[in-house]
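Asks: Right, I'll just put the structure down here and ask away after.
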2 protein chains.
Amino acid sequence: MITIKDIARVAGVSHTTVSRALNGNPLIKKETRDRIERIAAELNYIPNYSAKSLVMKKSYTIGLFFSSIDQGTSASFLVDAIKGIHQVLDENYSLTVHGIDSIRHYDAITPRRFDGVLVMSQSEADNAFIYHLKQTGIPFVVLNRQLDDPGILNVVANDREGVREALDYGIGLGHRKIAIIEGRAGFKSTTERKQGFMDSLIAHRLPLIPDYFTAGDYGVESGYNAMMSLLSLSDPPTLVFCSNDDMAIGALNACYARGITLPGQLSLIGFDDILFSQYTYPPLTTIRKPIADISKFGTTKLIERLEQPDSAPEQLFVQTELIVRQSVAAVKNEGQL
Amino acid sequence: MITIKDIARVAGVSHTTVSRALNGNPLIKKETRDRIERIAAELNYIPNYSAKSLVMKKSYTIGLFFSSIDQGTSASFLVDAIKGIHQVLDENYSLTVHGIDSIRHYDAITPRRFDGVLVMSQSEADNAFIYHLKQTGIPFVVLNRQLDDPGILNVVANDREGVREALDYGIGLGHRKIAIIEGRAGFKSTTERKQGFMDSLIAHRLPLIPDYFTAGDYGVESGYNAMMSLLSLSDPPTLVFCSNDDMAIGALNACYARGITLPGQLSLIGFDDILFSQYTYPPLTTIRKPIADISKFGTTKLIERLEQPDSAPEQLFVQTELIVRQSVAAVKNEGQL
DNA sequence: ACTTAAACTGAAACCGTTAACAAATATTTC
DNA sequence: GAAATATTTGTTAACGGTTTCAGTTTAAGT
């Protein structure tokens, strides 16, 4: 393996000069630099990052921590996230991936090991970890889950707005009897999405009917159960908004089980736009949560932070997008014309 | 940040002794070692991996490279893989994740940067990368995709056997008219699965009907199209084996479109057991490809390899598992009694 | 008690890089 | 053309560990 000293020898200069030349230090005369760069390229020189790290006290690695490796709900999550991150992470950083739940010693999470950290958070259980991060002083961003702490850089989707827009769309199609299957109690996203739901109904002067608010926990099962109870109502809704796609799939199965056809008899809207929402039958109309964009944006911000450590942390929203597929139909000859 | 020299100072020994004590070197007297370990713990000592790396010429990182970040078909893949890997990767290795297609310079993949590499391969396009790896001398394993090169450590599922078993099951339920939707031409997995399919039919002395062999490419669309053509046959099959779940989902949608109900009129078997196969309607009977196990096993083998570099490379198979759900029914009063 | 071997500890060099400081060379300035 | 200044390069010491080799104890043998 060839080192800067090897280069120095063939270039007839000191290794310091080589180091400077290769790092774009302006002290070096242009022609010297060019010569050294040429030689380095010829010799196929690759810097030793361990040595660099040691002296620079930088690790050249970014850690990606996501809630749980063992709780499989959110598969496309990770891929999308990694995709987004790699788009902006420059090549001499490497990205390590960890499950928050599988960290044995928080002590091993030190500034020396991570230049920065991305937390792809899905649950409140991550708070302890986030708190620890804060202690260490490692620059970090929390992605995906909205935090209340203004001291933390936080990139999330604009759930509330997105849901409102989707419901506006449904109402525009004539729906008046509209239900919601809520997410897990206590999650920020649950209340945000519910708010968006209510925003739209209220804006359209539609009544908020308690029977149409059903509990869920973001799991497929809970969607199934909630939909079952909705279908048992004496006056069932014509449109159901599910706070995520997993529950929408559960709800869909409840409809199959009850022999309800979609979107003929009932319309359904999901949230997230997971990979499979396009392959359900009928394909699910949903609100896309742009995980890749969130990750990309978050990474950009994190890098900015690394370079300028005392920039103020902000909370940033990225736009959701309504994906119209086929699970919502116009309600037939029933609108209040 | 505290170093071995700090520990040495408070312990009243040389930093050399500390280094040895902390690394389990048998030269150190037990009581000295105990004392040093206690002090290290008290001081919250964490070794500096950059320094260690530098002198040991080890990176303490394992790279996970997977085929394509941008081709979203196989999302649960990555999660399962990471899950499996973390189960066995000991804590002082860190795992970095990369898309093969986003590597700009192969030169950056050097033995100094990776102690070992896991290649989660899904396509032949990875061969160039695998070839490069071989050049570098970095110990590596190729997971998931069967290779012909006997010089490479390779962990894959036993596709052929698994498919045979699944078809045995279908035939046991009375099916005689059985079709296959094949995977992408040229892929090893395609031929393996097809072989398993034929193995079973032949073992049961069933004819191999050319019309029942349809082409696919592992994409959802291709499953849809293949199923459409199968349904147009004058004598359509009663059981269709799809070479992966994605195509099974496409096939399922074709059935919906044609008004065919499953499993009443037609039975379907998939392959992979992707996350969503349990949420289709009806839930898909499929063959589970144990990605987590493959990864786990592969990682174990890789680590073995790191510790004993000249162990012979092998090709290892891990067992698939038939997941019986509800897309296959017994064929009604039609068996050749 | 005295040598000799065994057990343990320490001094110093090294891994490949950057950086503070010193030195050399080139360029102005008068 | 010498002094002053600017530009470019080199010397040397870190960074935090491991390892070789030498040195010091301690235990064993006679």
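The values are calculated or read from the model by the stated rules, or taken from the named source; none is laboratory data. All values reported here derive from a predicted model rather than from experimental measurement. Please note: Cβ atoms are built from the backbone with ideal geometry, for glycine as well, and neighbour counts cover all protein chains shown. Only protein heavy atoms, including side chains, enter the accessible area calculation; ligands, DNA and RNA are left aside. Shrake-Rupley method; radii C 1.70, N 1.55, O 1.52, S 1.80 Å.
Asks: Size of the dipole of the protein assembly as shown about the Cα centre, Lys and Arg at +1 and Asp and Glu at -1 on the beta carbon, nothing else charged, in debye to 20? Don't jump to the answer; show the numbers that get you there.
Replies: Working: 68 positive and 76 negative charges, 366 e Å.
Computed charge dipole of the protein assembly as shown: roughly 1760 debye.
Asks: Distance check, please: which entries in B:58/B:296; A:83/B:83; A:57/A:134; B:29/B:57; A:5/B:58 exceed 25 angstrom between their Cα atoms? Show your work: numbers first, answer last.
Replies: Working: B:58/B:296 22 Å; A:83/B:83 18 Å; A:57/A:134 19 Å; B:29/B:57 28 Å; A:5/B:58 20 Å.
Table pairs above 25 Å Cα-Cα are B:29/B:57.
Asks: Please list, by residue number, every one of the GluC sites (Glu not before Pro) in the stretch A:241-337 that is coil in DSSP and has at most 15 other beta-carbon atoms within 10 Å. The partial results should precede the final answer.
Replies: Values: sites: A:304, A:307, A:314, A:321, A:334; in loops: A:314, A:334.
When the GluC sites (Glu not before Pro) of the stretch A:241-337 are filtered for loop state and at most 15 Cβ neighbours within 10 Å, A:314, A:334 remain.
Asks: Treating the point 7 Å from Cα along Cα-beta-carbon as the label, what are the nm separations from residue B:29 to the other copies, to one decimal?
Replies: Counterpart label points of residue B:29 in the remaining copies fall at 6.1 nm.
Asks: Something else about it: Pairs of Cα atoms under 8 Å, at least six residues apart: use those to get the relative contact order of the stretch B:159-289, whole percent.
Replies: Working: 234 pairs, mean separation 32.4, N = 131.
Contact order relative to length: 25 percent.
Asks: In addition: By how many nm would the segment from residue B:148 to residue B:257 lengthen if fully extended, with 0.36 nm per residue of separation less the alpha-carbon distance? Could you put the intermediate results ahead of the total?
Replies: On the way: separation 109, 0.36 × 109 = 39.24 nm, distance 4.06 nm.
Length gained, residue B:148 through residue B:257: 35.2 nm.
Asks: Between residue A:307 and the same site in the other copies, what are the distances in nm, shortest first, taking label points 7 Å from Cα along the C-beta direction?
Replies: Distances between equivalent label points, in nm: 4.4.
Asks: Which is farthest toward the positive dipole end of chain B among B:32, B:280, B:12, measuring Cα position about the Cα centre, with Cβ charges +1 (Lys, Arg) and -1 (Asp, Glu)?
Replies: B:12
Asks: Related question: How far apart are the residue A:12 label points across copies, placing each 7 Å from Cα toward Cβ, in nm, shortest first?
Replies: Once sorted, the set of distances for residue A:12 reads 5.8 nm.
Asks: Then there's this: Nearest 500 deg cm²/dmol is fine: what mean residue ellipticity at 222 nm does chain A get from its DSSP H runs of n ≥ 4 alone, each adding -39,500 (n - 2.57), divided by its residue count?
Replies: One gets -12500 deg cm²/dmol as the mean residue ellipticity at 222 nm.
Asks: Quantify how strongly other chains surround peptide B:250-262 by giving the mean number of their Cβ atoms within 10 Å of each of its Cβ atoms.
Replies: Numbers: counts 1, 0, 3, 5, 0, 1, 2, 1, 0, 0, 0, 0, 0.
The per-residue average across the peptide is 1.
Asks: Something else now. Among A:234, A:95, A:326, whose Cα sits farthest toward the positive end of the charge dipole of chain A (+1 at Cβ of Lys/Arg, -1 at Cβ of Asp/Glu, about the Cα centre)?
Replies: A:95
Asks: Assigning unit charges at the beta carbon (Lys, Arg +1; Asp, Glu -1) and nothing else, what dipole magnitude in debye, to the nearest 20, does the stretch B:159-289 show about its Cα centre?
Replies: Details: 12 positive and 15 negative charges, 45 e Å.
In debye, rounded to 20, the stretch B:159-289 gives about 220.
Asks: Next question. For peptide A:99-106, compute the average count of partner chain beta-carbon atoms within 10 Å of each residue's beta-carbon. Numbers along the way, then the final one.
Replies: Numbers: counts 4, 0, 0, 5, 1, 1, 2, 0.
Whole-number average of other-chain Cβ neighbours for A:99-106 is 2.
Asks: Among the aspartates and glutamates, select those whose C-alpha is under 18 Å from the C-alpha of residue A:332, and discard any that sit fewer than 8 residues away in the same chain.
Replies: Filter leaves A:168, A:235.
Asks: Per the 1.4 Å probe, what fraction of the accessible area of the protein assembly as shown, in percent, lies on carbon and sulfur atoms? Before the final figure, lay out each step's value.
Replies: Values: 15160 of 29690 Å².
Carbon with sulfur: 51 percent of the solvent-accessible area.
Asks: Considering the Cα trace of the stretch A:4-56, what is its radius of gyration and what is Dmax, both in angstroms?
Replies: Calculated on Cα positions, Rg and Dmax stand at 10.6, 30 Å.
Asks: Still on this structure, I have one more. Quick one: which of B:122-134, A:174-186 comes out on top by average Cβ neighbours within 10 Å, and what's the full order, highest first? Please list the in-between numbers first.
Replies: Numbers: B:122-134: 16.4, A:174-186: 20.6.
Averaged packing, sorted descending, gives the order A:174-186, B:122-134.
Asks: A further question on this structure: Set the Förster radius R0 to 41 Å, insert the Cβ-Cβ distance between residue A:6 and residue A:103 as r into 1/(1 + (r/R0)^6), and round the FRET efficiency to 0.05.
Replies: Numbers: r = 40 Å, r/R0 = 0.98.
Once rounded, the FRET efficiency stands at 0.55.
Asks: Next question. Given points 7 Å out from each Cα along the Cα-Cβ axis, report the residue A:56 to residue B:135 separation in nanometres with one decimal.
Replies: Spacing of the two 7 Å Cα→Cβ label points: 2.6 nm.
Asks: About the Cα centre of the stretch A:124-202, how large is the charge dipole given +1 on each Lys and Arg Cβ and -1 on each Asp and Glu Cβ? Please answer in debye to the nearest 20.
Replies: Values: 10 positive and 11 negative charges, 44 e Å.
Taking the Cα centre of the stretch A:124-202 as origin, the dipole is about 220 debye.
Asks: Projected onto the charge dipole of chain B (+1 at Lys/Arg Cβ, -1 at Asp/Glu Cβ, origin at the Cα centre), which of B:153, B:137, B:254 gives the Cα projection farthest towards the positive end?
Replies: The Cα lying farthest towards the positive end belongs to B:137.
Asks: Diagonalise the Cα gyration tensor of the stretch A:50-191 and give the resulting equivalent ellipsoid semi-axes, square root of 5 times each eigenvalue, largest first, whole Å.
Replies: Working: eigenvalues 246, 54, 36 Å².
Semi-axes from the Cα gyration tensor: 35, 16, 13 Å.
Asks: In addition: When you look at the Cβ of every residue in B:54-60, what mean number of other chain Cβ atoms sits within 10 Å?
Replies: Shielding by partners across B:54-60 averages 3.
Asks: Quick one: give the max-minus-min coordinate of the C-alpha atoms of the protein assembly as shown along each principal axis, largest first, in Å.
Replies: 83, 68, 60
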